[in-house]
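Have a look at the structure below, then the notes.
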Amino acid sequence: MSVLLFTFIVLTGAFIAGLVGALTGLGGGVIIIPLLTLLLKVDIHYAIGASIISVIATSSGAAATYVKEGITNVRIGMFLEIATTVSAIVGAVVTIFVDPDYIAVIFGIVLVFSALMMLKKKNEHTDDKPADRLAVLLRLDGRYPANGEWKYYQVHHVAGGFLMMFVAGLISGLLGIGSGALKVIAMDNIMKIPFKVSTTTSNFMMGVTGAASAIVYFHRGQIDPGIAMPVALGVLSGSILGARLLIRVQTDKLKLFFAVVVLFLASQMIYNGLTDGL
């Protein structure tokens, strides 16, 4: 395969990954890693390194739009990033000691979980229950625009959400993905934050989490500029488009389609991991 064709395939795949990542809050790694490892036969550690760059690019492209629209809760994001950055570094360090086939199987399992979470019915939590004391202390409660008006929400179980973020960061550093599904679980299911706020705040956090683990991969020489550059360009443009679409369109049908695609990719990653096909 020529360098030009390789770059074109990576660039196109990265654009789709950025679009999916912005619309679902999962990050571009769910597409990037299967694309590089299964189709282009790139070593999984280099695929993870490139995926981390895609996570940073997705966050950079989408986060600015979400913050400008007033959807992202920046205070929650900055608080929870304390947990994700520490555990992401741990995950990135551990990766070198894990067999690539095991990484592929773990990645596939996480993809299955992410797809199921994508299909789960989302709740727009706007209850009037008293906020968590820690949420009040840190001023984490907020509001977001919906149907031309502001909707207010309370934040609950901050400690539980913070602990879940340690798991999300560990998976992010280990697999080079945004761990958006776990982050949304922490914010949507545990902390009872409205789904749109959870998704956009997850995108906001991914860049910092990815940058923390990227340092480790860069130090090991596992971020190849020839792969990372088209990944970054494609994902950035795709995430900007996805961020604009998320604000203006209903994405339920798109998420169903993406969930089917992710489940297919998950099955291929698990199969190749179990049969030593990577």
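Remarks
- Which numbered condition residue 193 misses (of (1) in a helix (DSSP H, G or I); (2) buried (at least 19 other Cβ atoms within 10 Å of the Cβ)): (1)
- As for region 156-163, it holds at least one residue that is at pLDDT 90 or above and surrounded by 24 or more Cβ atoms within 10 Å (Cβ to Cβ).
- Only listed residue being at pLDDT 85 or above and within 19 Å of residue 111 (Cα to Cα), chosen from 12, 72, 37: 37
- First in region 85-102 and within 14 Å of residue 222 (Cβ to Cβ), second anywhere and modelled with pLDDT under 90 and not in a helix (DSSP H, G or I), Cβ under 6 Å, 6 or more apart: 100/278
- Selection count, region 208-227, where residues are among the small types (Gly, Ala, Ser) and more than 13 Å from residue 29 (Cβ to Cβ): 4
- Being closer than 14 Å to residue 66 by Cβ, among the β-branched types (Val, Ile, Thr) and modelled with pLDDT of 80 or more holds for only one residue in 209, 200, and it is 200.
- Among the residues listed as 214, 159, 135, the single one being in contact (Cβ under 8 Å) with a residue 12 or more places away in the chain, small (Gly, Ala, Ser), out of contact with any Leu (no Cβ under 8 Å at 6 or more places or on another chain) and farther than 28 Å from residue 19 by Cβ: 135
- Test for residue 47: is it surrounded by 24 or more Cβ atoms within 10 Å (Cβ to Cβ) and either modelled with pLDDT of 90 or more or of a type in the set (A, V, I, L, M, F, W, C) (or both): yes
- Whenever a residue of region 227-247 is under 11 Å from residue 12 (Cα atoms), its partners that are surrounded by fewer than 22 Cβ atoms within 10 Å (Cβ to Cβ) and hydroxyl-bearing (Ser, Thr, Tyr), lying with C-beta atoms within less than 8 angstrom and at least six residues away or across chains, give the pairs 230/7; 234/12.
- Test: residue in region 63-79 that is in contact with a Phe, Trp or Tyr (Cβ under 8 Å, 6 or more places away or on another chain) and without any contact (Cβ under 8 Å) to a residue 60 or more places away in the chain: no
- Sole residue being of a type in the set (Asp, Glu), on the phi < 0 side of the Ramachandran plot and touching a strand residue (DSSP E or B) at 6+ places or on another chain (Cβ under 8 Å), chosen from 132, 141, 99: 141
Each row is one residue, and each column tells you yes or no for (1) farther than 17 Å from residue 56 by Cβ; (2) crowded, with 24+ Cβ neighbours inside 10 Å; (3) not basic (Lys, Arg).
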position: 184; (1), (2), (3): yes, yes, yes
position: 199; (1), (2), (3): yes, yes, yes
position: 223; (1), (2), (3): no, no, yes
position: 230; (1), (2), (3): no, no, yes
position: 243; (1), (2), (3): no, yes, yes
position: 257; (1), (2), (3): yes, no, yes
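- Residue that is farthest from residue 72 (Cα to Cα), among those in region 214-237 that are modelled with pLDDT under 90 and within 15 Å of the chain's Cα centre (by Cα): 232
The values are calculated or read from the model by the stated rules, or taken from the named source; none is laboratory data. Note that this is a predicted model, so its numbers are computed, not measured. No Cβ is skipped: glycine too gets one built from the backbone with ideal geometry, and neighbour counts run over all protein chains shown.
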